[in-house]
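These notes concern the structure reproduced below.
No lab work stands behind these numbers, since they all come straight from the coordinates. Just so it is clear, the model here is predicted, and its values are computed rather than measured. Cβ coordinates were reconstructed from backbone atoms using ideal geometry, including for glycine residues, and neighbour counts include every protein chain displayed.
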Amino acid sequence: MAGDLPEYYFRIRENGAAVFRVETENRQRRIELIEIATVNVRNGNIKPHGDTALSDQDLQVIGDWLTARVTQLAAREVEDILRTVDHLNLTTQWAQSRASAAELDAVTDALLLAMHDLRMVLVRKKSERLGKTDQP
């Protein structure tokens, strides 16, 4: 099993990860996770843990993970938005065919405000994009 383990382990946190070096070469033959750094996905900062000096290999592996993670999170974000479109369609069908008056009263104002806010942002952003393509 120890031969199959990666050299690094990334414990996902809200804004990035704690980075650990996986060590199995010890007298007790236990797997040890030695924290070496934290990485922030939002700004790309890599901070060594304590007095740890990060090697070029450490930095390369962390940088590769960071690039892959940013790509993964961006794909998830788009997927979440597309799922929201599906939910809006299902909500429309529910409101039209199954919702009671009490259920509609409970959700209508919140939905209308959220959709109005979203529509305003989307229209403004589309207008800005179209305005940029019209300029020489």
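Odds and ends about this structure:
- Integer Hz, Karplus 6.51/-1.76/1.60 couplings in order for the range 93-99, x for Gly and Pro: 4, 4, 5, 6, 10, 10, 5
- Distant-in-sequence amide contacts of Leu54, defined by a placed amide H-H separation under 5 Å and a gap of 5 or more residues or a different chain, comprise nothing.
- Counting neighbouring beta carbons within 10 Å and listing from fewest to most, the residues Val41, Val78 come out as Val78, Val41.
- Summarising the amide proton neighbourhood of Ile36: residues at separation of 5 or more, or on other chains, whose placed amide H is nearer than 5 Å comprise Val19, Phe20, Arg21.
- Within the range 2-70: Cβ-based charge dipole about Cα centre, in debye rounded to nearest 20 (Lys, Arg +1; Asp, Glu -1): 260
- Computed from phi, the 3J(HN,Hα) profile of the range 10-16 under the Karplus parametrisation 6.51, -1.76, 1.60 (θ = phi - 60°) reads 10, 8, 5, 10, 4, 10, x Hz, with x in place of Gly and Pro.
- Placed amide H near Asn45: partners under 5 Å, 5+ positions off or other chain: Asn40
- Dimensionless Rg ratio for the chain, taking C-alpha atoms and the 2.2 N^0.38 Å reference: 1.68
- Tilt relative to the chain, helix 101-134 - C-alpha long axis, 0 to 90 degrees, to 10: 70
- Under the Karplus curve 6.51 cos²θ - 1.76 cosθ + 1.60, θ = phi - 60°, whole-Hz ³J(HN,Hα) for the range 71-79, x wherever Gly or Pro sits: 4, 4, 5, 5, 5, 5, 4, 5, 4
- Counting beta carbons within 10 Å around each of Ile81, Ile62, Ile31, Ile46 and listing the fewest first gives the order Ile81, Ile31, Ile46, Ile62.
- Each Lys and Arg adds +1 at its Cβ and each Asp and Glu adds -1 at its Cβ; summed about the Cα centre, the chain shows a dipole of about 280 debye.
- Prolate/oblate/rounded label for the range 74-127 (Cα gyration tensor, a/c 1.5): oblate
- Most fluctuating residue given options Ala68, Ala99, Ala17, as computed from a GNM of the chain linking Cα atoms under 10 Å: Ala99
- Footprinting exposure proxy for Val121, Val70 (fewest neighbouring C-beta atoms within 10 Å first): Val121, Val70
- Given charges at Cβ of Lys, Arg, Asp, Glu: the chain dipole, positive-most of Ile34, Thr52, Phe10: Phe10
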